[in-house]
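Data first, discussion second: the structure below is written as structure tokens.
The values are calculated or read from the model by the stated rules, or taken from the named source; none is laboratory data. Keep in mind the model is a prediction, meaning the values are calculated, not measured. Counting neighbours? That spans all protein chains shown, and the Cβs are built from the backbone with ideal geometry, glycine included.
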Amino acid sequence: MESWSKRLIVFAIVAAATVAVATATMAEDEKDCADQLTNLASCIPYVSGTAKKPTPECCEDTKKVRSAKPKCLCVLIKESTDPSMGLPINTTLAIQMPSACNIDAKVSDCPCN
């Protein structure tokens with residue numbers, strides 16, 4: 001029984017450490033991508049659902065972000081699910097945006113954090 005308790009404690013510590021690392025990594029990614037996400041302001045009408053398709057400016061800006069820091073598109077998608085961000089982003093539209101702009105970028109290419 002004592003061995004079982006020790007294993008449970010070790011598991012709990014490892015799980016807590018994993019969550020802490022993932023949270024720190026996401027915070028670092030958000031900081032690293034802040035300037036890139038600002039460049040995507042022209043995409044807000046599309047990802048918020050007020051425009052039926054992304055503007056040419058949005059697509060150009062998305063291509064630039066994809067070339068400079070592709071992980072930042074992943075950060076945008078991850079942040080779209082966080083209501084505390086206060087951004088009017090529809091996650092489905094955010095995922096579809098690269099495709100709507102004919103850009104080869106898939107959410108399946110995003111690293112898991």
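Taking the condition of being touching a residue at least 24 places away in the same chain (Cβ under 8 Å) and exposed (fewer than 14 other Cβ atoms within 10 Å of the Cβ), how many residues in the stretch 37-69 meet it?
The total comes to 4.
LYS78 is checked against (1) touching a Leu at 6+ places or on another chain (Cβ under 7 Å); (2) of a type in the set (Lys, Arg); (3) at pLDDT below 80 and fails just one. What number does that condition carry?
Among (1) touching a Leu at 6+ places or on another chain (Cβ under 7 Å); (2) of a type in the set (Lys, Arg); (3) at pLDDT below 80, LYS78 violates only (1).
Can you tell me which residues in the stretch 38-65 are more than 18 Å from LYS106 (Cα to Cα), assigned to a helix (DSSP H, G or I) and not β-branched (Val, Ile, Thr)?
Those that are more than 18 Å from LYS106 (Cα to Cα), assigned to a helix (DSSP H, G or I) and not β-branched (Val, Ile, Thr): ALA41, SER42, PRO45, PRO56, GLU57.
Is it fair to say LEU73 is surrounded by 17 or more Cβ atoms within 10 Å (Cβ to Cβ), under 12 Å from the mean Cα position of the chain (by Cα), part of a helix (DSSP H, G or I) and not charged (D, E, K, R)?
Here the answer is yes, as LEU73 does meet what is asked.
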